[in-house]
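What follows is a short report on a single structure.
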Amino acid sequence: MTDTTDPYFDIRPYNDDEIPAAIDRLINDEEFINAILHYRFSNHANWFKALMSPILRVYLKMKWSKFKSVEAIQIEVKKYLRDTLADTTDGVSYSGLEVLDSNQAYLFVSNHRDIAMDPALVNYALHQQGHNTCRIAIGDNLLKKPCATELMRLNKSFIVKRSLKGPREMMKALGQLSSYIKYSLETGNSIWIAQKEGRAKDGNDFTDPAILKMFHVEGRKQKVPFSEYAKSLKIVPVSISYENDPCDTAKALELYEKDIHGTYEKGEFEDIESIIQGIIGKKGRVHVSFGDVISQDFETPDALAEEIDRQIHNNYKLFPINLLAAKKGDDSITDKVQSDFEAKLSAIPLGAHQYLIDSYANPVKNIG
């Protein structure tokens with residue numbers, strides 16, 4: 001079903017009146033039900049999973065039929081997130097939000113380490129400080145299954161079309177995305193977007209100027225200069241620091257494979273597995289730092305990218321593991337920190353060691 005009156009219909013999050021139908025589609029999606037059964041009952045026989053399928057559907061119908069609004073879903077997500085963070089972290093801290101106006105919409109440009117947890121942590125911090133949660137940009141490469149799209153759009157995510165090939169289609173999609181971001185901000189809805197496509201698997205957090213050029217597509221249409229338009233977006237760099245990255249060895253192995261073979265072929269469920277590992281894996285301490293609103297004049301995307309990077313690097317919270325990897329002597333590097341790091345290294349081939357070391361050392365090296 002296409003709504004021709006809504007220019008953002010195919011990418012925007014669902015509105016309240018669309019929630020019940022989206023939930024109904026999810027509950028009746030065979031792949032979605034099978035995915036839950038696969039992860040929940042991975043050690044059980046297929047006949048048992050088949051037996052559980054209708055029971056799971058009835059359970060979900062009972063549990064989810066009460067959700068009639070985006071806010072109701074967000075409240076449920078908050079409960080799950082709070083419990084998950086209590087179980088998988090040694091505490092979450094945040095800084096910088098106290099100087100931001102809770103009545104103002106911002107464009108949060110963030111470093112990117114974890115597919116699901118990065119935007120979830122930003123929204124958790126916003127909620128804790130009395131700000132509205134933001135809309136989340138998510139690439140369509142993560143939405144290969146219809147059920148994934150439904151889940152994301154139910155929870156304030158909008159779609160970035162990365163898989164288009166034709167130049168005309170790409171330009172049209174960029175224009176729609178740029179326009180949607182501006183429209184969201186003008187209607188009081190903050191945005192979270194990663195500073196570049198994909199996670200920084202090597203720990204190097206650098207902004208892709210192409211993202212900033214995309215922001216300005218709508219500005220060019222309105223004949224507004226880049227510097228003026230960028231200021232109007234109220235960009236806030238965000239730095240997310242994990243003491244322990246649950247996907248660190250997987251990232252190191254991927255970079256090692258790419259180096260050895262020139263390419264790396266992802267498994268069918270690899271993105272899903274990364275999402276799950278990022279959620280349930282132990283993270284140690286986590287810090288979310290909100291930088292200053294960028295209000296200076298930056299004439300080019302490259303100059304603006306440098307300022308975003310400066311804030312993200314300088315606001316990154318370093319942990320003992322970072323200092324150890326960067327060979328910076330410090331009293332905080334205990335025997336446990338060293339033995340835990342050695343255990344990580346021993347779990348992967350020798351050739352992959354440097355990639356893992358770099359992923360923790362680079363945030364130290366990037367601080368100006």
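Values in this text are rule-based calculations from the coordinates and carry no lab data. All of these numbers come straight from a predicted model, not from anything done at the bench. Note that we place each Cβ from the backbone using ideal geometry, even for glycine, and neighbour counts take in every protein chain shown.
The candidate values were (i) 23.7, 72; (ii) 21.2, 63; (iii) 21.0, 75; the one computed from these coordinates for Rg and Dmax of the Cα atoms in Å carries the label (ii). With the simple spin-label model, which puts each label point 7 Å out from Cα in the Cβ direction, the ILE367 to GLN354 separation comes to 2.5 nm.
Using a Gaussian network model of the chain in which every pair of alpha carbons under 10 angstrom is joined by a spring, one finds that among ASP297, ASP245, ASP330 the greatest mean-square fluctuation is at ASP330.
How about region 202-257: which trypsin sites (Lys or Arg not before Pro) there are in a DSSP loop, with at most 12 other Cβ atoms within 10 Å of their Cβ? Here the sparse-neighbourhood loop sites are LYS223. Estimated purely from DSSP H runs of n ≥ 4, each contributing -39500 (n - 2.57), the mean residue ellipticity at 222 nm for the chain is -16500 deg cm²/dmol once divided by its residues.
Sort TRP192, TRP47, TRP64 so that the residue with the fewest other Cβ atoms within 10 Å of its own Cβ comes first and the one with the most comes last. Can you show the working numbers first?
Values: TRP192 25, TRP47 8, TRP64 18.
Going from sparsest to densest Cβ surroundings: TRP47, TRP64, TRP192.
With a ≥ b ≥ c taken as the square roots of the eigenvalues of the C-alpha gyration tensor of region 329-368, please select rounded if a/c is under 1.5 and otherwise prolate if a/b is larger than b/c or oblate if it is not?
Oblate.
Going by C-beta contacts inside 10 Å, put SER332, SER241 in order with the fewest on the left. Write down the numbers at each step before the final one.
On the way: SER332 11, SER241 21.
With the sparsest Cβ surroundings first, the list reads SER332, SER241.
State whether region 182-298 is rounded, prolate or oblate according to the following rule on the C-alpha gyration tensor (a ≥ b ≥ c being the square roots of its eigenvalues): a/c under 1.5 gives rounded; otherwise a/b larger than b/c gives prolate, and the remaining case gives oblate. Show your work: numbers first, answer last.
Details: a/c = 2.42, a/b = 1.80, b/c = 1.34.
Prolate, because a/c is 1.5 or more and a/b exceeds b/c.
Among the trypsin sites (Lys or Arg not before Pro) within region 93-191, those in coil by DSSP and having at most 15 neighbouring Cβ atoms inside 10 Å are LYS144, ARG162, LYS165. Placing one equal scatterer on every Cα of region 240-312 and applying the Debye formula, the log10 ratio I(q)/I(0) at q = 0.22, 0.27 Å⁻¹ is -0.95, -1.12.
Once you mark the GluC sites (Glu not before Pro) that are in a DSSP loop and have at most 10 other Cβ atoms within 10 Å, what is the longest gap between them in the chain? Don't skip to the end; give the middle numbers.
Details: sites that count: GLU265, GLU268.
The answer is 1-264.
Local charge sum around ARG135 (other residues, Cβ-Cβ under 12 Å, Lys/Arg +1, Asp/Glu -1)? Charge balance near ARG135 sits at +3.
Structural descriptor for region 16-365: relative contact order 22 percent, calculated from alpha carbon pairs under 8 angstrom and at least 6 residues apart. About the centre of its Cα atoms, the chain shows a dipole size close to 660 debye [charges on the beta carbon of Lys, Arg (+1) and Asp, Glu (-1) only; nearest 20 debye].
Over region 233-368, Cα pairs under 8 Å with separation of 6+ residues give a relative contact order of 37 percent.
Decide, for region 240-365, between rounded, prolate and oblate: order the square roots of the alpha carbon gyration tensor eigenvalues as a ≥ b ≥ c, take rounded if a/c falls under 1.5, and otherwise choose prolate if a/b is larger than b/c, else oblate. Verdict is oblate for region 240-365. Rank ILE138, ILE275, ILE36 by mean-square fluctuation in a GNM of the chain with C-alpha springs under 10 angstrom and give only the top-ranked residue. Most flexible of the set in this elastic network: ILE36.
Taking every DSSP bridge with both residues inside the chain, close to 20 percent are antiparallel.
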